Amino acid sequence: MRKLKFAVIASIVTVVGASASIAQEADAGLGQKLFQQRCGACHQIATPRNGVGPNLQGVVGRAAGSVEGFNYSPSLRNSGITWSPETLDAFLTNPGAMVPGTRMTQRFNKADERGAIIEFLATR
């Protein structure tokens, strides 16, 4: 009887773990799609090349305004921000409110979409 209970519990844990993994992969896929649709015209992720906006490779953990060769606004360059999921979320919600004078104007009103994009960026 105990072996049966253990087997049932182990099966449940395996299914729940697999479901969480599938959900994370789905979110990362959604984040990549949203990044390509909403950010890809200005920002590169596959290459370290800057475009209209700076490349976003390794953005999580990086100091704002620090990509060499990109002409940042003085306000972003001197903001003292280090990009984390939390700071990226606030910035993407309303860049101008977080860093007055930034040249970034794109806003992302939906929290789930911001989260998916940030999760994608965190893997690059």
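Tabulated data
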| quantity | calculated |
| --- | --- |
| Pair list, Cβ < 8 Å and 6+ apart or interchain, from the range 96-115 residues that are more than 14 Å from Ile81 (Cα to Cα) and acidic (Asp, Glu) to residues that are open to solvent by less than 50 Å² (accessible area, probe 1.4 Å) and in a loop (DSSP other than H, G, I, E, B) | none |
| Among the candidates Ser84, Ser66, residue that is modelled with pLDDT of 95 or more and open to solvent by 50 Å² or more (accessible area, probe 1.4 Å) | Ser66 |
| Identity of the residue in the range 96-111, among the hydrophobic types (A, V, I, L, M, F, W, C) and assigned to a loop (DSSP other than H, G, I, E, B), that ends up surrounded by the fewest Cβ atoms within 10 Å (Cβ to Cβ) | Met104 |
| Complete set of residues in the range 37-63 that are open to solvent by 40 Å² or more (accessible area, probe 1.4 Å), out of contact with any His (no Cβ under 9 Å at 6 or more places or on another chain) and not polar (S, T, N, Q) | Arg38, Ala41, Cys42, Ala46, Pro48, Arg49, Val60, Gly61, Arg62, Ala63 |
| Residues of the range 49-95 satisfying the condition of being in contact (Cβ under 8 Å) with a residue 24 or more places away in the chain, of a type in the set (A, V, I, L, M), farther than 20 Å from Gln36 by Cβ and assigned to a helix (DSSP H, G or I) | Leu76 |
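The values are calculated or read from the model by the stated rules, or taken from the named source; none is laboratory data. Quick caveat: nothing in here was measured; it's all calculated off a predicted structure. Neighbour counts are summed over all protein chains in view; Cβ atoms, including those assigned to glycine, are modelled from backbone coordinates with ideal geometry. The accessibility values were calculated without ligands, DNA or RNA, using every heavy atom of the protein model including side chains. Shrake-Rupley method; radii C 1.70, N 1.55, O 1.52, S 1.80 Å.
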